[in-house]
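In what follows, a single structure is set out as structure tokens and then discussed.
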Amino acid sequence: MVAPIRETSAVTEDDLRTADDIGMALARLQRLSACVAAQAGKGGMDRSAFMLLVTLVAKGPLRSNALAEAVWADPSTVSRQVAQLVKEGLVERKVDTEDGRATVLAATEQGVRLLEDKRSRRNQLIAEMIGYWPDADRARFAALFAQFIGDYERFLPIFTAEFTGKVDSRGEK
């Protein structure tokens, strides 16, 4: 079920309290995630570059601009990060099969192995962290969290416009 993007007139005070609880929990999660990312960055790869690798493995070969668009990043920033990944042998440039004049970026076997290793280690830690939860709670959390992330992705243009001052909460300039 896909909900409409905006129905601000239907928002109640209870909805706003719940939204604040979620927003505060997200802020905590972002701080914790930033801490893990900072420590991981000391190991050689920053989070942004890693997300490029994740995206290339998930979506397959992409042109640089398409990769930047997929991760909501500036193309020049992505270009610098890709250069690092290419240098490390995690990403390679290939001739675009649709347009032989262009190149696409693709994860190498080494990049895929690195991602699989990190994903396996992450999954092990998360499984240990929530292992004491009842099975139904774990499954329900996973489903609701996936639904929340999907809705957050759909709302991303609204969030970014709202927080950059380009539109107000009703979508007006």
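No lab work stands behind these numbers, since they all come straight from the coordinates. It should be emphasised that the depicted structure is a prediction, and the values quoted were computed from it without experimental measurement. Cβ sites come from the backbone with ideal geometry, for glycine too, and all protein chains shown count toward neighbours.
Specify which residue in the list A102, S120, L90 is farthest towards the positive end of the charge dipole of region 51-160, using unit charges on the beta carbon of Lys, Arg (+1) and Asp, Glu (-1), about the Cα centre.
Toward the positive end, the furthest listed residue is L90.
Placing unit charges on C-beta atoms (Lys and Arg positive, Asp and Glu negative, everything else neutral), compute the dipole magnitude of the chain about its Cα centre in debye, rounded to 20. Walk me through the numbers on the way to the answer.
Working: 24 positive and 25 negative charges, 138 e Å.
Approximately 660 debye in magnitude.
Normalised by the residues of the chain, what does the relative contact order come to in percent, with Cα pairs under 8 Å and at least six apart? Display every interim value, and only then the final one.
Working: 106 pairs, mean separation 26.1, N = 173.
With pairs under 8 Å counted, the relative contact order is 15 percent.
Using the 10 angstrom Cβ neighbour count as an exposure proxy, how do K42, K118, K59 rank, fewest first?
Numbers: K42 8, K118 15, K59 12.
Fewest to most other Cβ atoms nearby, the residues stand as K42, K59, K118.
Compute the long axis of helix 47-59 from its Cα atoms, compare it with the longest principal axis of the Cα atoms of the chain, and write down the angle in degrees, 0 to 90, nearest 10.
So the inclination is approximately 80 degrees.
Can you work out ³J(HN,Hα) from phi for every residue in region 113-123, in order, using Karplus 6.51 cos²θ - 1.76 cosθ + 1.60 and θ = phi - 60°, giving whole Hz and x for Gly and Pro?
Ordered by residue, 3J(HN,Hα) equals 4, 4, 4, 4, 5, 5, 5, 4, 5, 4, 4 Hz.
Using a Gaussian network model on the chain with a 10 Å cutoff between Cα atoms, which of D21, D117, D46 fluctuates the most?
Checking each option, the largest mean-square fluctuation is seen for D21.
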